[in-house]
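Chemist: What follows is a structure written as structure tokens; I'll ask about it next.
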Amino acid sequence: MKTRHGILASSVSAFALLLTSPMVAHASAVDEMHAADPAGDQERALPEAEQLGGGDIVVTARRKAERLIDVPVAVSALSPETLTRNNITSLARVAEIVPFVTLQPVPAGAGGLFAIRGIGSPPADPGIQQSVLVNVDNVMIGRGRAAQAGLFDLAQIEVLKGPQALFFGKNSPAGVISVTTADPGKTLSGFVRAGYEFVADERYVEGAIGGPVTDTLGIRVAGRYSFMKGYLRNIAQPGAFPCAGAGCAFAPWVAAGATIPGADHKRLPHGSDWGGRITAVWSPTSDFTAKLKYSYGDNQVATYYDPFCGRGLTHLTALGFTDLQSDCKFDRQMAVSALPSLITANMKGANGGVPYTDVKTHVASLNMDWNINDSLSLSSITGYYKLDSANSFVLNLSAIPAFYLIAFERSKGISQELRLSSNYDGPVNFVIGGFADRISQFNNSSVVFARSAVDPATGRYYTFDRFSKFIAKSRSAFGQLRWNILDNLELAAGARYTRETRDSVDGNIYVNPNGPATLRPAGDLFGRSLTNSNWSPEATLTWHPSPNQTLYGAYKTGYKSGGFSYPTVLTKVFTLANTVFKPERSKGFEVGYKAQLLNRRLTIQAAAYTTLYQDMQVSTFDQATVSYIVGNAAKSRVKGIELQATATPVDGLQLRGSIGYNDAHYLSYPRGGCPAGFGPAQGCVGGFQNLSGRQLPRAPKWQGNAGFTYEAPVADGFKVEFNGDAFYSSRFFLQDNLDPFAVQSSYWKLNAGVSVGPEDGKWKLSLIGRNLTDELVARYSNDIAGAAPGNHAGTPERPREIVIEGRFNF
């Protein structure tokens, strides 16, 4: 008892320090689920999201464990079986199986694009936070780099759609992706699985072991390693630059003896991904549980994009020269050369001019839960994350390299939350709490422009070296009252108040004297400060007409941080006034119905929603400065309906499906960015067009899926399992400027698999096919720097995969 009180006292002291320190705060609220004994917690951490026979699915959408059909929130829950069957080894792959979700990693900028129902943040600027919050073991991460972190030994992933400010805080106006990793079990157990994917020549192995070490302590250790050669082909050949004389952009490089090196890796994304995790769960008494988790991951691959063209173009261009090696098609083939190592010799992290991406992630959490008595419980959640990334790539994505970027980022966050919950016998109960955190982020980038001659004083060819740094501090208080008007009718109302400060410094720290005169001078730094506050109310009315049916209506609001834009190329035109953007806010309504019917053999979820987003944070691309600029310019509305169902018509057979219609459009966006080369004839005046009434990017109107799993005994003591899934999406725009030549057409994806093993589940051998229709799908694209209008680049999802996998459980 003394130990328990001491630990909680330390947490209270730490929380008080965070609240009073001038260097803290951040409102991304981290509500944690109520914990019980280690065994009970393990049952929550390993929900069977696809149990045959009508088993309950447990989710934590309101930061406590509840049955999926009871919680008044639109949730998609993915079980370990679903994650394994669809090879969900990163957040980016979740979007392949959950409708109206985009989770796309990008090499530079914010590091990724997260969107739900078409609402997401432009990823090209490192200063912006995501509109979809990622919650990993109760650590809240708003950075796009989380899309590149590997996932393994998972208990469940929950996708919460729509604003979630009350329980998750800021940076969740579009929704939350909640990742729960596995805990130690009641007995010593574990698994090892290994496989080979034939198309990408990928090898992987994953394993975990855990269980009780003493009567009060359980430990689990897990890890994963994979290596692939790649599923894209890079055919760029070595050769000479296209010109060398006076006035030639490449003349300084040619004069130094540089030639085009061609592709370093013939297959992309060539590289490895590995990670490890340790979990400890300690319950010294029946009313206290502490859970400590630490995860590390390292993703190292060759940076890749697949260029494509519109407007009838058949080849890319680079500074006016035609790249005859490129086919200008989104087709798993590209021609992107490295930069001559001579030019990058004095650049930190240049990797000899060979494009690469290296992302290291650290995530740690300490969750402590104390049942004070039968009616009150106190929870403490301490979180920490650090994301280190380094990447480089040829900005013009051509066999004629003309621009090269090297970017580094380090972002760190530490947070503390306390929450008091009641469970009285009376009709009224409450949750109150406070949250504080501190986030810091440092970015450094160096860029080489063709035309930049060597700096005689330093021997450097690169054009400039710039940095940016910010510290965000926030604190929030939240509370909710739940009133059981009747035994089966509940009214819940609450709000969260958030106050956030952000301080930043930005500038060039080196400028090549032979570079463009428009660059901001080295050492001419400018600092900026921003303070925002927000009230986010929420109210929900929930009716249970029977124990296995739920009807609800909710009003919800959301909030996303304001901040500072950090353009890739910092010129003299950028000032404090045009590089600050305001917070984004959302409010809307949702009604839903959930039920288990037909003796719990049929589970259905239906939801209808409408949400208004104001002061949307959008970006426009400036070809002159090769930069994206973030600002507030738009108001939009999303509305639609979604239906999910799972059925078990007979023992051994599960049917599943979902379908949704989403109408996401701008209500007002009079100064939307224009596609490159568009003029008055296409509705563009002064580089702007009126996008009011137009469909949002990355917002297909229709998406859905359908699938089955069938398991049957064969031979003596053995069983076989067949599964298949089909996924459909209608067309959608890939770019924020709604370029009509950058559109992902409608597509179908088909997955199928068969496995065999003993009925006791000791081992299983599987043959798995994913994306058997071999569709090449992009979720995001951008204009190519230094290229002609109509030259674009996107990152394709994986094409067809054929996997053989073995798994051993013990």
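Chemist: With respect to the numbered conditions (1) touching a residue at least 40 places away in the same chain (Cβ under 8 Å); (2) aromatic (F, W, Y); (3) within 24 Å of L767 (Cβ to Cβ), which one is the sole condition not fulfilled by Y661?
Modeler: (3)
Chemist: Which residue pairs have Cβ atoms under 6 Å apart, sit 6 or more places apart or on different chains, and have a first residue in segment 516-531 that is under 13 Å from F574 (Cα atoms) and part of a loop (DSSP other than H, G, I, E, B) and a second that is hydrophobic (A, V, I, L, M, F, W, C) and at pLDDT 95 or above?
Modeler: L525/V505
Chemist: Here are some conditions: (1) surrounded by 20 or more Cβ atoms within 10 Å (Cβ to Cβ); (2) farther than 28 Å from Y555 by Cβ; (3) touching a Pro at 6+ places or on another chain (Cβ under 9 Å). T648 meets all but one. Which one does it not meet?
Modeler: T648 satisfies every listed condition except (3).
Chemist: Within segment 274-292, does at least one residue satisfy the condition of being under 25 Å from L339 (Cβ atoms), buried (at least 19 other Cβ atoms within 10 Å of the Cβ) and among the aliphatic types (A, V, I, L, M)?
Modeler: Checked segment 274-292: no residue is under 25 Å from L339 (Cβ atoms), buried (at least 19 other Cβ atoms within 10 Å of the Cβ) and among the aliphatic types (A, V, I, L, M).
Chemist: Moving on. Among the residues of segment 625-672, how many are closer than 29 Å to G592 by Cβ and of a type in the set (F, W, Y)?
Modeler: 2
Chemist: Can I ask one more? Across segment 762-791, what is the number of residues that are touching a Gly at 6+ places or on another chain (Cβ under 7 Å) and under 30 Å from A450 (Cα atoms)?
Modeler: Selection size over segment 762-791: 5.
Chemist: Have a look at S283, S272, S295 and point out the one that is over 29 Å from Q148 (Cα atoms), in contact with a strand residue (DSSP E or B) (Cβ under 8 Å, 6 or more places away or on another chain) and not β-branched (V, I, T).
Modeler: S283
Chemist: Also, I was wondering about something else. State all residues of segment 677-705 that are at negative phi and exposed (fewer than 14 other Cβ atoms within 10 Å of the Cβ); if no residue qualifies, say none.
Modeler: Of everything in segment 677-705, those that are at negative phi and exposed (fewer than 14 other Cβ atoms within 10 Å of the Cβ) turn out to be G679, P680, A681, Q682, V685.
Chemist: Are any residues in segment 350-364 in a loop (DSSP other than H, G, I, E, B) and either within 16 Å of A236 (Cα to Cα) or in contact with a Phe, Trp or Tyr (Cβ under 6 Å, 6 or more places away or on another chain) (or both), and if so, which ones?
Modeler: Residues satisfying the conditions are V354, P355.
Chemist: Restricting attention to segment 422-460, which residues are in a strand (DSSP E or B), aliphatic (A, V, I, L, M) and either closer than 26 Å to G786 by Cα or in contact with a Pro (Cβ under 9 Å, 6 or more places away or on another chain) (or both)? Before you say what the answer is, go through the steps one by one.
Modeler: As a first pass, look at segment 422-460 and keep what is in a strand (DSSP E or B): 422, 428-449.
So of that shortlist, the ones also aliphatic (A, V, I, L, M) come out as 428, 431-432, 436, 439, 447-448.
The answer is V447, V448.
Chemist: Are any residues in segment 699-721 at pLDDT below 95 and under 30 Å from A634 (Cβ atoms), and if so, which ones?
Modeler: Result: no residue meets the conditions.
Chemist: Name the residue, out of S326, S295, S337, that is within 30 Å of D369 (Cα to Cα) and buried (at least 16 other Cβ atoms within 10 Å of the Cβ).
Modeler: Selected residue: S295, the only one of S326, S295, S337 that is within 30 Å of D369 (Cα to Cα) and buried (at least 16 other Cβ atoms within 10 Å of the Cβ).
Chemist: Test I509 against the stated conditions and say whether it is over 30 Å from D425 (Cβ atoms), at pLDDT 95 or above, of a type outside the set (S, T, N, Q) and surrounded by fewer than 16 Cβ atoms within 10 Å (Cβ to Cβ).
Modeler: Numbers: over 30 Å from D425 (Cβ atoms): yes; at pLDDT 95 or above: yes; of a type outside the set (S, T, N, Q): yes; surrounded by fewer than 16 Cβ atoms within 10 Å (Cβ to Cβ): yes.
So I509 fits the description; yes.
Chemist: Here's a check for you: in segment 415-466, which residue that is surrounded by 19 or more Cβ atoms within 10 Å (Cβ to Cβ), among the hydrophobic types (A, V, I, L, M, F, W, C) and touching a Gly at 6+ places or on another chain (Cβ under 7 Å) is nearest to P242 (Cα to Cα)?
Modeler: Residue satisfying both the conditions and the ranking: F449.
Chemist: Further question: Tell me whether segment 229-242 contains one or more residues that are within 36 Å of the chain's Cα centre (by Cα), of a type in the set (S, T, N, Q) and surrounded by fewer than 20 Cβ atoms within 10 Å (Cβ to Cβ).
Modeler: The answer is yes; a qualifying residue exists.
Chemist: What's the number of the only condition in (1) over 30 Å from P163 (Cα atoms); (2) crowded, with 21+ Cβ neighbours inside 10 Å that T180 fails to meet?
Modeler: (1)
Chemist: For a quick check of your reading of the model, give me the residue pairs whose first member lies in segment 376-403 and is farther than 26 Å from A785 by Cβ and in contact (Cβ under 8 Å) with a residue 12 or more places away in the chain, whose second is part of a loop (DSSP other than H, G, I, E, B) and among the aromatic types (F, W, Y), with beta-carbon atoms closer than 9 Å and at least 6 apart or on different chains.
Modeler: The qualifying pairs are L376/Y424.
Chemist: Can you confirm whether L734 is surrounded by 15 or more Cβ atoms within 10 Å (Cβ to Cβ), in contact with a Pro (Cβ under 7 Å, 6 or more places away or on another chain), in contact (Cβ under 8 Å) with a residue 60 or more places away in the chain and within 29 Å of A124 (Cβ to Cβ)?
Modeler: Answer is yes for this residue.
Chemist: For D739, indicate whether it is crowded, with 20+ Cβ neighbours inside 10 Å, among the acidic types (D, E) and out of contact with any strand residue (DSSP E or B) (no Cβ under 7 Å at 6 or more places or on another chain).
Modeler: Against the criterion (crowded, with 20+ Cβ neighbours inside 10 Å, among the acidic types (D, E) and out of contact with any strand residue (DSSP E or B) (no Cβ under 7 Å at 6 or more places or on another chain)), D739 qualifies.
Chemist: Do we have any residue at all in segment 432-441 that's within 24 Å of the chain's Cα centre (by Cα) and of a type in the set (S, T, Y)?
Modeler: Yes, segment 432-441 contains a residue that is within 24 Å of the chain's Cα centre (by Cα) and of a type in the set (S, T, Y).
Chemist: Ok, one more. Among the residues of segment 477-515, what is the count of those that are in a loop (DSSP other than H, G, I, E, B) and charged (D, E, K, R)? Spell out how you get there, then give the answer.
Modeler: To start, the set of residues in segment 477-515 that are in a loop (DSSP other than H, G, I, E, B) comprises 487-488, 512-515.
This time we only want the ones that are charged (D, E, K, R), so: 487.
Within segment 477-515, residues that are in a loop (DSSP other than H, G, I, E, B) and charged (D, E, K, R) number 1.
Chemist: Let me ask something additional. Hand me the list of strands (runs of 3 or more DSSP E) wholly inside segment 740-810 holding 3 or more residues that are among the hydrophobic types (A, V, I, L, M, F, W, C).
Modeler: Correct list: 747-758, 763-770, 801-809.
Residue-wise test of (1) on the phi > 0 side of the Ramachandran plot; (2) hydroxyl-bearing (S, T, Y); (3) at pLDDT 95 or above.
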{"site": "A236", "(1), (2), (3)": "no, no, yes"}
{"site": "A240", "(1), (2), (3)": "no, no, yes"}
{"site": "A244", "(1), (2), (3)": "no, no, no"}
{"site": "R277", "(1), (2), (3)": "no, no, yes"}
{"site": "K293", "(1), (2), (3)": "no, no, yes"}
{"site": "T303", "(1), (2), (3)": "no, yes, no"}
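Chemist: Now for a different question. Of all residues in segment 472-503 being of a type in the set (A, V, I, L, M) and surrounded by fewer than 19 Cβ atoms within 10 Å (Cβ to Cβ), which is farthest from F435 (Cα to Cα)? Reasoning before the result, please.
Modeler: Taking segment 472-503 and keeping what is of a type in the set (A, V, I, L, M), we get 472, 477, 481, 485-486, 489, 491-493, 495.
Pick out the ones that are also surrounded by fewer than 19 Cβ atoms within 10 Å (Cβ to Cβ) and you get 477, 481, 485-486, 489, 491, 493, 495.
On the way: A477: 6, L481: 18, I485: 30, L486: 32, L489: 30, L491: 25, A493: 19, A495: 13 Å.
Checking each candidate, the answer is L486.
Chemist: Do we find a residue being among the small types (G, A, S), within 28 Å of P355 (Cβ to Cβ), part of a loop (DSSP other than H, G, I, E, B) and more than 31 Å from the chain's Cα centre (by Cα) anywhere in segment 258-277?
Modeler: Kept after step one, since they are among the small types (G, A, S), are these residues of segment 258-277: 258, 262-263, 271-272, 275-276.
Next, from what is left, pick out any that are within 28 Å of P355 (Cβ to Cβ): 258, 262-263, 271-272, 275-276.
From what's left, part of a loop (DSSP other than H, G, I, E, B): 258, 262-263.
From the residues that got through so far, the ones that are more than 31 Å from the chain's Cα centre (by Cα) too are 258, 262.
Looking for residues that are among the small types (G, A, S), within 28 Å of P355 (Cβ to Cβ), part of a loop (DSSP other than H, G, I, E, B) and more than 31 Å from the chain's Cα centre (by Cα), one finds at least one in segment 258-277, hence yes.
Chemist: Can you tell me which of (1) in a loop (DSSP other than H, G, I, E, B); (2) modelled with pLDDT of 95 or more; (3) more than 28 Å from A200 (Cα to Cα) is the one S377 doesn't meet?
Modeler: (1)
Chemist: Please verify whether segment 327-349 includes one or more residues that are touching a Ser or Thr at 6+ places or on another chain (Cβ under 6 Å), assigned to a strand (DSSP E or B) and modelled with pLDDT of 95 or more.
Modeler: No; the residues of segment 327-349 include none that is touching a Ser or Thr at 6+ places or on another chain (Cβ under 6 Å), assigned to a strand (DSSP E or B) and modelled with pLDDT of 95 or more.
Chemist: For segment 529-545, does any single residue satisfy the condition of being of a type in the set (V, I, T) and farther than 30 Å from E66 by Cβ?
Modeler: Among the residues of segment 529-545, at least one is of a type in the set (V, I, T) and farther than 30 Å from E66 by Cβ, which makes the answer yes.
Chemist: Looking at segment 280-324 only, could you name the residues that are out of contact with any Leu (no Cβ under 9 Å at 6 or more places or on another chain) and part of a loop (DSSP other than H, G, I, E, B)?
Modeler: If the condition is that a residue be out of contact with any Leu (no Cβ under 9 Å at 6 or more places or on another chain) and part of a loop (DSSP other than H, G, I, E, B), then S286, D287, G310, R311, G312, L313, T314, L319, G320, L324 are the ones that fit.
Chemist: Keeping to segment 243-255, report how many residues are surrounded by fewer than 21 Cβ atoms within 10 Å (Cβ to Cβ) and over 30 Å from F330 (Cα atoms).
Modeler: Within segment 243-255, residues that are surrounded by fewer than 21 Cβ atoms within 10 Å (Cβ to Cβ) and over 30 Å from F330 (Cα atoms) number 9.
The values are calculated or read from the model by the stated rules, or taken from the named source; none is laboratory data. It should be emphasised that the depicted structure is a prediction, and the values quoted were computed from it without experimental measurement. Cβ: placed from backbone, ideal geometry, glycine included. Neighbour counts: every protein chain shown.
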